[in-house]
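Worksheet for the structure shown next.
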Amino acid sequence: MQEWRQKENGKNMNKESEFPFERARRVTPQESQKFREAIAEQFNIKLRKRGRPAKNEQEKYEPISIRLHPKVLAWAKEEGNKRGVGYQTVINEVLLEQIS
């Protein structure tokens, strides 16, 4: 049985909350990089970075605050659900069509 699964008195730990966190340490960025490289080599895969990719300057949107009629917002959310996109995307596409 693993060392951390045992209490100081030798009894088995039954709950995760009994893990001795005070003895644990954080993994360093260098260790994380080594882990990623080992996984990539062992399983022949390339791990991708998590999160949304950065946009270039022309693609960035400017955050604003706007008040909309509840019917407009309800329509945009319903349309977004039908299309599988967010309601803000729906509103943005409609506005872009109007200025094109």
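Each value in this text was obtained by applying a stated rule to the coordinates, not by laboratory testing. Note that the structure is predicted; figures quoted are calculated from it, not measured. Here the Cβ positions follow ideal geometry from the backbone for every residue, glycine too, while neighbour counts run over all protein chains shown.
Numbers for the structure displayed
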read-out	value
Region 12-83: trypsin sites (Lys or Arg not before Pro) in DSSP coil with no more than 16 other Cβ atoms inside 10 Å	K15, R25, R26, K46, R48, K49, R50, K55, K60, R67
Loop-resident sites, region 25-82, for GluC sites (Glu not before Pro), counting at most 10 other Cβ within 10 Å (DSSP)	E57, E59
